[in-house]
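The structure appears right after this line, and notes come after that.
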Amino acid sequence: MIEIRGLTYTYPDGSAALKDVNLTVSDGEFLLVCGPNGSGKTTLIRHLNGLLKPESGSVSVNGVDAAKFPREAMQRVGMVFQDADSQIVGETVREDAAFGPQNLGLPREEVAERVKSALEMVGIQHLADKPCHMLSGGEKRRVAIAGVLAMRPEIVVFDEPFANLDYPGVCQVLAEIVKLRRMGRTLVATTHDVEKVVALVDRIAIMHEGELKVVGTPDEIVPRLSSFHIRPPCYSLFGERMLPWLPD
Amino acid sequence: MAARLTFHYFPGNTPLHRWDARCKLAGMAILAVGILHMDAAALAAFSIVWIAAIGLSRIPAKALVQDLKVWGIFLGLIFLIQAFSCVTDWTEVFSGLPAAVRTLKPAVLACWRLGLILCFSVLFTFVTRPREVQDAVVWFLKPFPFLPARRLALTISLTIRFLPLILDQAEEVRAAGRSRLGELRRNPFLRVKYFLLPVFRRSLLRADELAVSLAARGYREDLPDDLPKVPRRHAGSLVVLVLLVLLASGAPGEVAGISQAAVQKVTDLLSHPRIE
């Protein structure tokens with residue numbers, strides 16, 4: 001469970017990034033954090049694994065204070081960054097997936113087993129020895145997900161998982177999210193493109209100018225999206241029933 | 001939102017922001033050379049000037065100091081190199097504080113000078129738009145007929161523009177590495193490898209994209225220079241700064257010393273029996 005209490009953070013230039021944010025994410029829940037650019041989504045999720053320290057307030061991950069114990073928080077919360085190129089550090093897919101488990105100080109055999117399992121989970125075992133810079137955008141994003149899954153985190157956080165991806169790329173990433181969802185992982189994703197995941201999420205939280213405006217189920221929140229400068233999904237515009245974006 | 005302030009332009013309407021970029025650029029160049037010749041008292045005076053200028057330009061000083069702390073590692077390294085190269089007898093260093101200060105003074109001064117130049121450079125980028133720097137460089141280089149002024153100016157302004165972006169990119173890579181507990185790695189070479197490779201790859205890709213986008217937007221080097229004359233008041237401020245730097249760096253004395261030595265040399269040569 002993630003518990004955020006009175007979280008406040010200010011950027012170095014003095015502008016407020018987060019203003020007294022209070023939020024709880026239950027075990028096994030999939031929470032979508034959405035909001036326009038610059039609303040504080042990325043800043044919020046970077047507090048979940050202790051990458052950023054709150055100016056005031058606290059973030060607790062399964063009882064661990066993320067600011068005081070960032071190492072423990074990073075083990076529990078795996079973060080998939082918006083720009084996969086920033087996250088991929090290995091020359092090959094296998095090397096990159098091994099980066100996290102090696103940092104945990106695991107024995108060689110366990111690292112190999114975790115890498116194999118993570119690559120299989122995201123369906124890129126055939127790319128294991130391919131240089132990362134030769135992969136497509138969707139494949140890179142899956143490598144980034146595999147790198148995080150190899151650390152076996154309890155919670156997986158996605159920062160704009162569909163940014164700069166084509167249709168097949170989006171489908172690949174969505175398929176991984178669906179898999180994780182079925183496995184019962186706690187998931188948090190940020191996006192301003194609600195359409196793609198709205199059918200999968202349990203709750204939606206709307207950020208606007210650093211404030212958490214509303215939290216609720218998709219049925220409660222979707223009709224209010226446009227008032228926060230977020231494009232509502234097509235189904236709601238046409239008065240249709242909710243449709244999953246991923247084809248069967 | 002960038003997590004750092006260093007080398008970013010910080011919008012404002014303070015006197016330093018409004019000061020003509022050509023004056024700022026010339027002032028920065030003279031200041032950098034002058035600082036290299038300053039003694040401790042002058043360095044202290046110009047450190048106070050820098051603090052005052054930061055206050056004047058209304059930059060969040062706390063965040064700036066936080067940023068500059070990182071450069072402390074770089075300066076510390078230089079201090080060590082300087083100390084090892086200038087200290088011949090290490091027993092003096094450990095024989096008491098006054099002796100240590102006397103022996104290590106050159107190393108301290110070298111670090112102080114570099115640190116102060118860095119501080120003023122950061123201030124310069126804070127209050128000057130990269131576009132203004134580009135125009136200023138073109139203006140300075142235009143009288144030299146064989147120099148590609150616009151290309152050089154673009155190179156300089158893009159360097160200034162991209163330095164903070166590369167540092168931001170490096171920060172992003174570091175954050176991603178930290179998220180996967182990369183900081184627990186004991187092997188420093190592997191740590192450097194896992195940090196530098198993605199940063200370089202991303203920077204080179206960005207440079208490629210930039211070159212293509214410049215070409216796509218019809219970049220040309222034969223555009224006319226339409227900068228107005230430097231306002232008298234702005235030029236006056238530059239003159240004051242130059243005089244202060246000359247005074248603080250002991251330049252009048254040096255100039256006098258050089259002239260005296262030159263006169264002596266000529267006198268010697270003329271009185272030499274081989275010259276008739």
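Throughout, read-outs are computed from the coordinates displayed, never taken from laboratory work. Not measured: the values here are computed from a predicted model. With ideal geometry, Cβ positions are generated from the backbone for all residues, glycine too; neighbour counts draw on all protein chains shown.
The ranking of A:ARG224, B:ARG202, B:ARG232 by Cβ neighbour count inside 10 Å, starting from the fewest, reads B:ARG232, A:ARG224, B:ARG202.
Simple rule: put +1 on each Lys or Arg Cβ and -1 on each Asp or Glu Cβ in the stretch A:59-124, find the dipole, and look at A:PHE99, A:SER117, A:VAL64; the Cα lying farthest toward the positive end is A:VAL64. A straight chain from B:THR91 to B:SER121 at 0.36 nm per residue would run longer than the Cα-Cα distance by 7.1 nm.
Here the stretch A:85-150 is treated with +1 on each Lys and Arg Cβ and -1 on each Asp and Glu Cβ, and its dipole about the Cα centre works out to around 140 debye. Here B:LYS142 is the anchor, and the aspartates and glutamates within straight C-alpha reach of less than 18 Å, apart from those fewer than 8 places off in the same chain, are B:ASP20, B:GLU132, B:GLU221, B:ASP222, B:ASP225, B:ASP226. Residue pairs exceeding 30 angstrom between C-alpha atoms, taken from A:LYS41/A:LYS130; A:LYS53/A:LYS130; A:LYS19/B:LYS193; A:LYS41/A:LYS140; A:LYS41/A:LYS116; A:LYS130/B:LYS193: A:LYS41/A:LYS130; A:LYS53/A:LYS130; A:LYS19/B:LYS193; A:LYS41/A:LYS116.
Here the convex hull built on the C-alpha positions of the stretch A:71-173 has a volume of 90 cubic angstrom per residue. Panel order for A:THR92, B:THR128, by other beta carbons found within 10 Å of each beta carbon, from fewest to most: A:THR92, B:THR128. Along the axis of the charge dipole computed for the stretch B:21-100 (Cβ charges of +1 for Lys and Arg, -1 for Asp and Glu, origin at the Cα centre), the listed residues B:PHE79, B:GLY34, B:ALA63 are led at the positive end by B:ALA63. For a modelled paramagnetic label at A:LYS213, 7 Å from Cα along Cα-to-Cβ, the residues of the stretch A:181-207 in reach, with backbone nitrogen under 12 Å, are A:205-207. Here the scattering of the stretch B:52-196 is modelled by Debye summation over its C-alpha atoms, one equal scatterer each and no solvent; at q = 0.19 Å⁻¹ the log10 of I(q)/I(0) is -1.15. Fraction of C-alpha pairs exceeding 29 angstrom in the protein assembly as shown: 63 percent, rounded to a whole number. Here the ratio of the Cα radius of gyration of chain B to 2.2 N^0.38 Å is 1.26.
Name the helices (complete DSSP H segments) of chain A with a Cα length along the long axis of 15 Å or more and a Kyte-Doolittle mean of at least 0.0, or state none. Correct list, ordered by number: A:137-149, A:167-182. Of the residues B:HIS17, B:TRP112, B:ALA207, the one whose Cα sits farthest towards the positive end of the charge dipole of chain B is B:ALA207 (charges of +1 on Lys and Arg Cβ, -1 on Asp and Glu Cβ, taken about the Cα centre).
Please compute the Kirkwood hydrodynamic radius of the stretch A:1-70 from all pairs of different C-alpha atoms, in Å with one decimal.
Result for the stretch A:1-70 stands at 12.3 Å.
Under the criterion of Cα pairs below 8 Å and six or more residues apart, the relative contact order for the stretch B:58-214 equals 13 percent.
For B:LEU141, neighbours were defined as the other residues whose beta-carbon sits under 14 Å from its Cβ, and their charges (Lys and Arg +1, Asp and Glu -1) total +1. With R₀ fixed at 41 Å, the C-beta to C-beta distance from B:GLU171 to B:ASP222 puts the FRET efficiency at about 0.60.
Remark: the protein assembly as shown carries a charge dipole of roughly 740 debye about the Cα centre, counting +1 on each Lys and Arg Cβ and -1 on each Asp and Glu Cβ.
Mind giving me the FRET efficiency for B:LYS62 and A:ALA16? R0 is 25 Å, r the Cβ-Cβ distance, nearest 0.05 is fine. Efficiency for this residue pair is about 0.95.
Exposure proxy ranking for B:CYS86, A:CYS34, B:CYS23, based on other Cβ atoms within 10 angstrom of each Cβ and starting from the fewest, stands as B:CYS86, B:CYS23, A:CYS34.
Summarising the overall dimensions of the stretch A:118-248 from its C-alpha atoms, the Rg and Dmax are 15.8, 48 angstrom.
Using only the Cα atoms of the stretch B:69-132, build the gyration tensor, take square roots of its eigenvalues as a ≥ b ≥ c, and label the shape rounded, prolate or oblate: rounded if a/c is under 1.5, else prolate if a/b is larger than b/c, else oblate. The shape class here is prolate.
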